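*Asks:* My questions will all concern the structure given below.
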Amino acid sequence: MNSYFCRLIERNTNSNMKYLLSLAIVFVGLMAGAQSTDAKKAKQDSIPWEMRKNAFIYSMAKQYNDPAVARMALYNLIAETPGNPAIYDTLALWYYEYNQLASAALIAQDAMKLNPNDLFAAEIAAISFEGLGVKNKAVQNYEKLYLGNNDINMLYKIAFLQMDLKRYGEAINNADIIIESPKSESEKLLFPIDDKQNSQEIPLKVAAIRLKGMIEADRGNTSLAKELYQKALDMKPDFVVLKNQIADLNK
């Protein structure tokens, strides 16, 4: 995967991943907190002892950086409440954070079986499947995210993967939707400018026109690719990555 695209993923997903982490903390705090004071005894009694115990173990294991114990506590919680998608979300996030992407994707899928509108699980599944190279499933989950939040940055991600899958018609259609959106001029993507992790912001509209050029180049329409590249370059003359692509295409 291109390095600039990794940065795009990071920029577009970190906020939601942080929310997932806070979701886990809130979830555990709600359950573990039920045993903190006598004033909450009625609430304690409404939560089974095993659930409170494992929620407390999970909280302590996270505090003391013991991932194996934290994971086992989550499995115990699932055994106690197998219909709670929030616990599956938390476990999927655990696997994602430790780069066990296959497990993260599978658990996220199970979370969505329990709650088809679980966009947090869809995001974990999408990123995990992409990391595993299972691009068709990644696209399916990114599409679910796009339908849920109408984020055109996500649509760019989908179009890029569709190009990789040689689903050119779908990729072109999605790129055109981005280009026609008023948001595409204000939304920005990060692209590298050197090997030292320096980057530049590029308007999403320019990036989408460039993407169309990449699609045409990939299917052998060199002259059309050059036209699209030049159109994007006219809009952003200092677009370093695009300049390099044009130079390569002209060799």
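*Asks:* When we measure straight from the Cα of residue 243, which aspartates and glutamates land under 19 angstrom away, once same-chain ones fewer than 8 places off are left out?
*Replies:* Correct list for residue 243: 194, 195, 201, 216, 218, 227, 234.
*Asks:* Suppose each label sits 7 Å from its Cα in the direction of the beta carbon; what would the residue 117-residue 65 distance come out to in nanometres?
*Replies:* Distance between the two pseudo-spin positions: 4.0 nm.
*Asks:* For a label point 7 Å from the Cα of residue 218 along Cα→C-beta, name the residues of segment 155-195 whose backbone N is under 13 Å from it.
*Replies:* Flagged as within label range: 156-175.
*Asks:* Okay, moving on. Which aspartates and glutamates, if any, have their Cα less than 14 Å from the Cα of residue 113, not counting same-chain residues under 8 positions apart?
*Replies:* Cross-link targets: 89.
*Asks:* Sticking with this structure for a sec: Which of 135/212; 166/212; 166/196; 137/157; 183/231; 157/205 have a Cα-Cα distance over 23 Å?
*Replies:* On the way: 135/212 19 Å; 166/212 13 Å; 166/196 31 Å; 137/157 13 Å; 183/231 19 Å; 157/205 13 Å.
Pairs exceeding 23 Å: 166/196.
*Asks:* Could you compute the net charge surrounding residue 101? Neighbours are other residues with a C-beta less than 14 Å from the C-beta of residue 101; K and R count +1, D and E count -1. Each step should come with its number before you reach the end.
*Replies:* On the way: positive: 135, 137; negative: 97, 123, 130.
Residues close to residue 101 contribute a combined charge of -1.
*Asks:* For a Förster distance of 45 Å, can you work out the FRET efficiency between the beta-carbons of residue 110 and residue 180, rounded to the nearest 0.05?
*Replies:* 0.75
*Asks:* Counting other Cβ atoms within 10 Å of each Cβ, which GluC sites (Glu not before Pro) in segment 50-109 have at most 14 and sit in a DSSP loop?
*Replies:* Details: sites: 50, 80, 97; in loops: none.
The qualifying sites: there are none.
*Asks:* Using per-residue counts of other Cβ atoms within 10 Å, averaged over each peptide, order 244-250, 63-69 from highest down.
*Replies:* Averaged packing, sorted descending, gives the order 244-250, 63-69.
*Asks:* Go ahead and run the numbers for FRET between residue 102 and residue 50, Cβ-Cβ distance against an R0 of 41 Å, rounding to 0.05. Present the calculation step by step, with values, prior to reporting the outcome.
*Replies:* Working: r = 29 Å, r/R0 = 0.70.
Calculated transfer efficiency: 0.90.
*Asks:* Also: Using a Förster distance of 45 Å, how high is the FRET efficiency between residue 75 and residue 193, based on the Cβ-Cβ distance and rounded to 0.05?
*Replies:* After rounding, the FRET efficiency stands at 0.50.
*Asks:* Moving on. If segment 165-251 were replaced by its equivalent ellipsoid, with semi-axes equal to the square roots of 5 times the Cα gyration tensor eigenvalues, what would those be, largest first, whole Å?
*Replies:* The equivalent ellipsoid of segment 165-251 has semi-axes of 19, 18, 11 Å.
*Asks:* At what distance in angstrom do the alpha carbon centres of segment 78-112 and segment 182-245 lie from each other?
*Replies:* If we compute the Cα centre of each part, the gap is 37 Å.
Each value in this text was obtained by applying a stated rule to the coordinates, not by laboratory testing. A quick note: this is a predicted structure, and the numbers were derived from the prediction, not measured. When we count neighbours, we look across all protein chains shown, and the Cβ atoms used for this are built from the backbone with ideal geometry, even at glycine.
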